[in-house]
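S.K.: Just passing along the structure, written as structure tokens.
Throughout, read-outs are computed from the coordinates displayed, never taken from laboratory work. Note that the structure is a prediction, hence the values are computed from the model and not measured. Cβ placement follows ideal geometry from the backbone for every residue including glycine, while neighbour counts extend to all protein chains displayed.
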Amino acid sequence: MNVRPDFSKNANMAETAPAFLSVWDMHSYYGESYIVQGISFNVHEGEIVALLGRNGAGKTTTLRSIARLGSPQVQKGEIWLDHQPLHKMASHEAAAHGLGLVPEDRRIIPGLTVEENLQLAQIAPPVGWSIERLYELFPRLGERRRQEGVTLSGGEQQMLAIARALARDIKVLLLDEPYEGLAPVIVDEIEKTLRHIKAQGMTTILVEQNAVRALQLADRAIILDTGSIVFDGTAAEVLENESLRAEYLAI
């Protein structure tokens with residue numbers, strides 16, 4: 001069996017307990033552009049971690065690098081999930097080992113109903129998240145199960161994208177700008193859902209421009225600036241530190 005190395009002594013890491021997901025000295029590029037510049041951090045099982053920073057700081061690139069999407073190119077570093085070396089895997093292999101990325105554009109499949117989108121993603125047989133259980137989590141989707149997914153409202157499409165990731169019985173949920181363009185009442189509903197699945201042990205990394213909302217939801221915050229980590233600590237510390245928020249988050 002593969003064994004995750006002990007990265008806990010790295011100075012960039014706020015935690016010293018064994019991690020569920022470890023990113024170690026990761027460097028990522030888009031062509032010649034050097035975006036993620038040697039970042040290291042741990043995420044513990046059941047945590048919600050907010051990955052924050054100004055536009056262009058490297059947040060989405062970090063998520064895509066963890067998901068092993070191929071673009072950006074990870075040219076150096078290690079990524080371990082539950083003792084498995086994701087850095088040695090292609091994107092489909094990393095997904096099979098428990099990564100679920102919900103991209104900003106949601107990628108709902110045209111021509112398929114809500115239920116067909118979920119059926120296409122679901123493992124067989126489902127271990128944790130059956131389609132009926134997902135409808136209990138997202139009642140709006142149950143009401144619209146026969147409706148074509150791309151005709152849903154923006155908030156409902158976000159719910160479908162999250163439900164589709166959960167349908168694969170993932171271990172880590174990677175969310176890229178889940179609140180983008182959504183009304184506050186829909187954001188409230190999605191946050192309630194994220195708290196619910198956290199209570200059941202889901203580990204989540206959240207990239208979000210609405211930093212205050214993200215910090216109110218998260219256990220921990222990692223702040224990026226020009227591809228490097230400038231803060232790794234509790235979300236409460238960021239909410240209480242006005243100078244930190246002003247310098248790196250413009251809030």
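S.K.: So what J values fall out for region 175-181 if you push phi through Karplus, 6.51 cos²θ - 1.76 cosθ + 1.60 with θ = phi - 60°, rounded to Hz, Gly and Pro as x?
M.R.: For region 175-181, the Karplus-derived couplings read 10, 10, 6, x, 9, 4, x Hz, x marking Gly and Pro.
S.K.: Then there is this: What does the highest-first list of 22-35, 47-60 look like by mean Cβ count within 10 Å?
M.R.: 47-60, 22-35
S.K.: Something else about it: Collect residues whose amide H, placed 1.01 Å from N in the peptide plane, falls under 5 Å from the amide H of G233; neighbours closer than 5 in sequence don't count.
M.R.: Here the answer is A221, since their amide H atoms fall under 5 Å of that of G233.
S.K.: Okay, next question. Sum up the charges of everything whose Cβ sits under 12 Å from the Cβ of R245, counting Lys and Arg as +1 and Asp and Glu as -1, but leave R245 out.
M.R.: Here the charged neighbours net out to -3.
S.K.: May I pose another question? Translational diffusion coefficient, Stokes-Einstein: compute it for region 78-186 using the Kirkwood radius over C-alpha pairs as Rh, at 25 °C and 0.890 mPa s, and state it as an integer in µm² s⁻¹.
M.R.: For the chosen part, D equals 170 µm²/s.
S.K.: Another one. Placing +1 at every Lys and Arg Cβ and -1 at every Asp and Glu Cβ, with all other atoms neutral, what dipole size does region 75-216 have around its Cα centre, in debye to the nearest 20?
M.R.: 240 debye
S.K.: Give the whole-number value, in cubic angstrom per residue, of the convex hull volume spanned by the C-alpha atoms of region 118-251.
M.R.: Considering the Cα atoms of region 118-251, their hull volume per residue is 124 Å³.
S.K.: Per residue of region 38-48, what does 6.51 cos²θ - 1.76 cosθ + 1.60 with θ = phi - 60° give for ³J(HN,Hα)? Whole Hz please, x for Gly and Pro, Karplus curve as stated.
M.R.: For region 38-48, the Karplus-derived couplings read x, 8, 9, 6, 10, 10, 9, 4, x, 7, 10 Hz, x marking Gly and Pro.
S.K.: Which residue, M89, I162, S28, has the largest displacement toward the positive end of the dipole of the chain when charges sit on each Cβ (Lys, Arg +1; Asp, Glu -1)?
M.R.: Toward the positive end, the furthest listed residue is M89.
S.K.: For the chain, what does the convex hull of the Cα positions come to per residue, in cubic angstrom?
M.R.: Enclosed volume per residue, from the Cα hull, is 125 Å³.
S.K.: Would you work out if region 205-249 is rounded, prolate or oblate? Take a ≥ b ≥ c from the square roots of the eigenvalues of the alpha-carbon gyration tensor; rounded if a/c is under 1.5, else prolate when a/b is larger than b/c, oblate otherwise.
M.R.: rounded
S.K.: Within a Cβ distance under 15 Å of Q158, other residues only, what is the Lys/Arg minus Asp/Glu net charge?
M.R.: Computed value for this residue: -3.
S.K.: I need the peptides 123-130, 107-114, 166-173, 226-233 ranked by packing, meaning the mean over residues of other C-beta atoms within 10 angstrom, with the highest value on top.
M.R.: Descending mean neighbour count gives 166-173, 226-233, 107-114, 123-130.
S.K.: Quick one: helix 184-199 against the long Cα principal axis of the chain, what's the angle to the nearest 10°, folded into 0 to 90?
M.R.: For 184-199 against the chain, the angle is about 80 degrees.
S.K.: Farthest toward the dipole's positive end in region 171-228, which of N210, Q200, P184, given Cβ charges of +1 (Lys, Arg) and -1 (Asp, Glu) about the Cα centre?
M.R.: Most positive-ward Cα: Q200.
S.K.: Compute the signed sum of charges (Lys and Arg +1, Asp and Glu -1) over the other residues within less than 9 Å, Cβ to Cβ, of R140.
M.R.: -2
S.K.: Just give me a number: lysine pairs in the chain, eight or more positions apart or cross-chain, with C-alpha atoms less than 21 Å apart.
M.R.: Here the count comes out as 7.
S.K.: So what is the relative contact order for region 23-175, in percent, with contacts set as C-alpha pairs under 8 Å and at least six apart?
M.R.: It rounds to 23 percent for region 23-175.
S.K.: Sort all Cα-Cα distances of region 84-144 into consecutive 10 angstrom bins from zero, then give the percent of pairs in each bin up to the one containing the longest distance.
M.R.: 18, 44, 31, 7, 0
S.K.: On to the next question. Once R0 is set to 35 Å, what does the formula 1/(1 + (r/R0)^6) return for the Cβ-Cβ distance between I123 and Q37, expressed as a FRET efficiency to the nearest 0.05?
M.R.: So, using R0 = 35 Å, E works out to roughly 0.45.
S.K.: Sticking with this one: Helix-only mean residue ellipticity at 222 nm, the chain, DSSP H runs n ≥ 4 weighted -39,500 (n - 2.57), per residue, nearest 500. What is it?
M.R.: -9000 deg cm²/dmol, from helical runs alone.
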